[in-house]
Amino acid sequence: MTGDDGSSIPERGRPTMVDVARAAGVSQATVSLALNGSPGARLSLATRNRVRRAAEALGYQFVRRGRRRVGAEPGVIAFVADELTSDPWMALAFDGARERAMEAGYGACLCVGLGDAETEVFALDQLAQQPLAGVIYGTILTRRVEPPPALFRRPAALLNCYDPERRLPAVLPADIAGGRTATERLIRAGRRRIGLICGQQGLDATRDRLKGYRQALASNDIAFDPELVRPGNWEPAAGYEGTLALMALARPADAIFCANDMMAVGCYDALRALGLAVPGDVSVVGFDDREIARSMRPPLTTLILPQREMGAIAAGLVIDMAAGATPGPAPRKVDCPLVERGSV
């Protein structure tokens with residue numbers, strides 16, 4: 001549970017099946033089979049022991065999947081997303097939801113509405129006729145929504161979106177806290193002229209990351225300078241142009257917080273064109289922890305957009321509601337952890 005400052009909820013840091021699979025060097029399915037003790041699974045004793053040792057080292061708790069009685073509660077959670085292909089976020093969130101569902105003995109199915117209201121209504125109406133435990137409704141952009149009526153017919157949770165009337169529980173990234181964390185990391189590096197290249201205007205993530213940036217400056221007695229804030233649109237070209245503008249100021253930026261990693265790609269290109277080094281001349285922090293952040297030179301310090309964890313939490317809410325629990329109205333804000341690399 002959190003307030004408007006964007007602080008995280010307690011679920012942060014709980015090891016997942018993905019963590020165990022990565023530590024043991026096996027697939028998630030192998031982890032499930034090994035920890036479930038499935039006698040028919042063709043796993044060597046060495047593999048089973050390696051998975052168990054990895055789980056014990058991480059403190060992972062496996063919920064054994066049991067057989068369902070005939071007539072027992074429905075065993076499937078539906079995940080309805082507005083988009084799936086333009087960005088990886090909903091696919092990651094579904095992975096987290098599917099893993100959490102499997103741990104609790106539920107299945108999961110995915111439906112993509114393609115951002116079309118009629119398609120979403122049709123899909124939800126069709127799903128409402130199925131024996132579902134509940135529904136997760138997710139959007140690729142963090143935003144307010146008017147929940148479709150079908151979501152009120154059974155347990156449902158909102159993912160990366162919210163109902164302003166708080167009629168349904170919502171799971172959101174802690175973008176304000178993330179913006180503050182990114183800016184404070186640059187301040188700890190001794191930077192004082194910290195530029196911000198914002199995301200697309202009018203979006204919740206853009207507004208909240210800017211708010212966190214301003215909070216960090218105020219907390220460290222650094223005056224806010226509007227010249228250091230540049231518009232962006234999440235694309236590399238905006239990072240390039242914003243960086244050129246920041247470095248053309250009479251007092252140029254000595255650090256740049258890019259509100260996403262793709263704009264940080266453009267930022268790097270602009271600094272390179274100006275003959276400036278990262279982080280020697282200018283420190284850079286991104287946001288999202290996309291795959292490209294690892295291969296940038298130097299690798300980009302950034303924040304994780306915790307969609308997988310958010311999916312797991314949303315599935316947990318639906319499972320709890322199916323068991324009769326009533327979640328509180330406050331949105332669950334999930335921390336965006338800082339990943340230290342070489343750009344600061």
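The values are calculated or read from the model by the stated rules, or taken from the named source; none is laboratory data. Fair warning: this is a prediction, and the values are worked out from it, not measured in the lab. Glycine gets a Cβ as well: all are built from the backbone with ideal geometry, and neighbour counts include every protein chain shown. To get the accessible areas, we keep the full protein, side chains included, count just its heavy atoms, and leave off ligands, DNA and RNA. Shrake-Rupley method; radii C 1.70, N 1.55, O 1.52, S 1.80 Å.
Things to note:
- Filtering the stretch 215-232 to residues that are out of contact with any helix residue (DSSP H, G or I) (no Cβ under 8 Å at 6 or more places or on another chain) and either farther than 17 Å from residue 190 by Cα or of a type in the set (Phe, Trp, Tyr) (or both) leaves 225, 226, 227.
- Some residue of the stretch 308-324 being open to solvent by less than 40 Å² (accessible area, probe 1.4 Å), among the small types (Gly, Ala, Ser) and touching a Cys at 6+ places or on another chain (Cβ under 7 Å): no
- Residue in the stretch 169-179 that is open to solvent by 20 Å² or more (accessible area, probe 1.4 Å), touching a helix residue (DSSP H, G or I) at 6+ places or on another chain (Cβ under 9 Å) and in contact (Cβ under 8 Å) with a residue 60 or more places away in the chain present: no
- Test result for residue 145, without any contact (Cβ under 8 Å) to a residue 24 or more places away in the chain, under 19 Å from the mean Cα position of the chain (by Cα) and open to solvent by less than 60 Å² (accessible area, probe 1.4 Å): yes
- Residue within the stretch 119-130 that is part of a loop (DSSP other than H, G, I, E, B), of a type in the set (Ser, Thr, Tyr) and over 26 Å from residue 199 (Cα atoms) present: no
- The stretch 116-133 - residue that is more than 30 Å from residue 234 (Cα to Cα) and touching a Phe, Trp or Tyr at 6+ places or on another chain (Cβ under 9 Å) and, of those, modelled with the highest pLDDT: 133
- For the stretch 180-227, the set of residues classified as of a type in the set (S, T, N, Q), open to solvent by 50 Å² or more (accessible area, probe 1.4 Å) and within 19 Å of the chain's Cα centre (by Cα) consists of 200 only.
- Checking the stretch 148-164 against the condition returns a match, with at least one residue being open to solvent by 10 Å² or more (accessible area, probe 1.4 Å), at pLDDT 95 or above, among the hydroxyl-bearing types (Ser, Thr, Tyr) and more than 15 Å from residue 318 (Cα to Cα).
- Test result for residue 240, of a type in the set (Ser, Thr, Tyr), at negative phi, open to solvent by 60 Å² or more (accessible area, probe 1.4 Å) and part of a helix (DSSP H, G or I): yes
- Conditions (1) touching a helix residue (DSSP H, G or I) at 6+ places or on another chain (Cβ under 8 Å); (2) at pLDDT 95 or above; (3) under 30 Å from residue 235 (Cβ atoms); number of the one not met by residue 113: (2)
- Residue 257 of a type in the set (A, V, I, L, M, F, W, C) and either open to solvent by 40 Å² or more (accessible area, probe 1.4 Å) or modelled with pLDDT under 95 (or both): no
- Residue that is farthest from residue 196 (Cα to Cα), among those in the stretch 278-305 that are open to solvent by less than 10 Å² (accessible area, probe 1.4 Å) and in a loop (DSSP other than H, G, I, E, B): 300
- Condition check for residue 136: modelled with pLDDT of 90 or more and touching an Asp or Glu at 6+ places or on another chain (Cβ under 6 Å): no
- From the list 338, 317, the one residue that fits, being farther than 25 Å from residue 104 by Cβ, among the hydrophobic types (A, V, I, L, M, F, W, C) and modelled with pLDDT of 95 or more, is 338.
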